[in-house]
Amino acid sequence: MKRVKLLIALASLLLIAVLLIPALLVMPFTDKTDGTLPEELRKQPAATVQVKSAGPDVEVAVYRSKEKRIEHIPLEQYVVGVVAAEMPAEFEFEALKAQALTARTYIVKQMLSDQPIRLPKGANVTDTIMHQVYYSHDELKQLWGADYDWKMKRITDAVEATQGQIVTYNNVPIEASFFSTSNGFTENSEAYWENDFPYLKSVASPWDQKSPKFYHRTVMSVAEFEQKLGVTLPKDGSVGVVISRTPGKRVDVVEINGKRFKGREIREKLDLKSTDFTWVRKGDDIIITTKGYGHGVGMSQYGANFMAKQGKTYDEIVKYYYRGVTISSAAAFLNKLTAKK
């Protein structure tokens, strides 16, 4: 009888062991939150890994135009100040990320080029539109007031999300030009400047028509118009005839009473918003209507914002406005900068 009870006890222990041991083997490899097995975890998409700068810390020597002094600012802090100054914090997050990418690319290329044209000795850039507008935290606090905290967090998050990234073409940082609003098309670089860059070519940007800066009207007297351009308008009441247009549908060459001007020259002398302009004479006034805001080369900021609203990501936006480019790590280029010192 005792032997039978012993056999039953041993059988029971063996059964418990058979049931318990597999469970003990699985438990250490399960997800502690929901019991998901490793096989199920592997089926889930991997989390997006942000590219971080593997390069050294780099400072930007910024000439502060108001204080007339050079300030050395950590690179990423500088990019935050540029994005905050150049694009509204209310813009879509992907548009802000695209702007961060262009700002970082611009300054890295500027520092590598070592061509401090019209710069005080020791400066890499100014804080004006001559290069990129930059605002410090104190300046932004004054500008944003009670909105400072949420706007700064939004801008900083966008910059951090692109940290360590720049835009390249053939393994070289691009001329990352940008502007506010197009006339429906961006412009070829050689149509506005002298340099022809293969990635700065005209593309359609129809979203810009929704921009509050798409149309602008300027009224000036005939006398002022003639004085600024050094012309005398014909007696028939006409103003000028457009001779040719650019790939971006802007004025290339215009003739005024036998004298020819480039569209850019007209824009600069009359302080117009863009080179896509039309004009009409009414009595003693010239009424000029422009479409778009800025030079039109590179990324349209309002275009980027509307693309982001449609679900486009920052890399899709950048690769649309800059043709054939690659988003690359900045580390190797930052190492070159430190090697110069």
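Scanning the stretch 143-154 for residues that are of a type in the set (A, V, I, L, M) and surrounded by 16 or more Cβ atoms within 10 Å (Cβ to Cβ) turns up just one, M152.
Comparison of D127, D157 shows that the only residue that is surrounded by fewer than 23 Cβ atoms within 10 Å (Cβ to Cβ) and acidic (D, E) is D157. For Q165, the conditions (1) more than 20 Å from Y302 (Cβ to Cβ); (2) touching a helix residue (DSSP H, G or I) at 6+ places or on another chain (Cβ under 9 Å); (3) surrounded by fewer than 20 Cβ atoms within 10 Å (Cβ to Cβ); (4) at pLDDT 95 or above all hold with the exception of (3). Restricting attention to the stretch 100-116 and to residues that are without any contact (Cβ under 8 Å) to a residue 40 or more places away in the chain and assigned to a helix (DSSP H, G or I), the residue that is farthest from the chain's Cα centre (by Cα) turns out to be S113. Of the residues that make up the stretch 284-294, is at least one modelled with pLDDT under 95 and either in contact with a Phe, Trp or Tyr (Cβ under 6 Å, 6 or more places away or on another chain) or surrounded by fewer than 22 Cβ atoms within 10 Å (Cβ to Cβ) (or both)? Yes: the stretch 284-294 contains one or more residues that are modelled with pLDDT under 95 and either in contact with a Phe, Trp or Tyr (Cβ under 6 Å, 6 or more places away or on another chain) or surrounded by fewer than 22 Cβ atoms within 10 Å (Cβ to Cβ) (or both). Counting only strands (runs of 3 or more DSSP E) wholly contained in the stretch 185-288, the ones carrying 2 or more residues that are under 21 Å from Y302 (Cβ atoms) and in contact (Cβ under 8 Å) with a residue 60 or more places away in the chain occupy 215-221. Just one of (1) of a type in the set (A, V, I, L, M, F, W, C); (2) under 24 Å from the mean Cα position of the chain (by Cα); (3) farther than 22 Å from Y321 by Cβ fails for L233. It is (2).
Condition check ((1) within 20 Å of F333 (Cβ to Cβ); (2) part of a helix (DSSP H, G or I); (3) touching a helix residue (DSSP H, G or I) at 6+ places or on another chain (Cβ under 7 Å); (4) among the acidic types (D, E)) across all residues:
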site	(1), (2), (3), (4)
E94	no, yes, yes, yes
A98	yes, yes, yes, no
R118	no, no, no, no
Q132	yes, no, yes, no
D138	no, yes, no, yes
Q142	no, yes, no, no
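For N257, the test of being under 24 Å from M130 (Cα atoms), surrounded by fewer than 18 Cβ atoms within 10 Å (Cβ to Cβ) and either touching a Gly at 6+ places or on another chain (Cβ under 8 Å) or polar (S, T, N, Q) (or both) is failed.
Being outside any loop (DSSP other than H, G, I, E, B) and touching a helix residue (DSSP H, G or I) at 6+ places or on another chain (Cβ under 7 Å): is that true of W150 here? No: the conditions fail for W150. Restricting K259, K282 to those that are touching a helix residue (DSSP H, G or I) at 6+ places or on another chain (Cβ under 9 Å) and not assigned by TED's automatic domain parsing to the domain that holds A103 reduces the list to K259. Comparison of V231, V251 shows that the only residue that is closer than 27 Å to F185 by Cβ, modelled with pLDDT of 95 or more and surrounded by 14 or more Cβ atoms within 10 Å (Cβ to Cβ) is V251. When we screen I129, I70 for residues that are under 20 Å from G294 (Cα atoms) and without any contact (Cβ under 8 Å) to a residue 60 or more places away in the chain, the only hit is I129. Looking for something small (G, A, S) and more than 18 Å from V125 (Cβ to Cβ) - is there at least one such residue anywhere in the stretch 67-85? Within the stretch 67-85 (the criterion being small (G, A, S) and more than 18 Å from V125 (Cβ to Cβ)), the answer is no, since none of the residues qualifies.
Residues of the stretch 120-130 that are in a loop (DSSP other than H, G, I, E, B) and either over 15 Å from Y106 (Cβ atoms) or of a type outside the set (D, E, K, R) (or both): P120, K121, G122, A123, N124, T128, I129, M130.
The values are calculated or read from the model by the stated rules, or taken from the named source; none is laboratory data. Keep in mind that this is a model prediction, so the values were computed, not measured. Cβ atoms come from the backbone with ideal geometry, glycine included; neighbour counts cover every protein chain shown.
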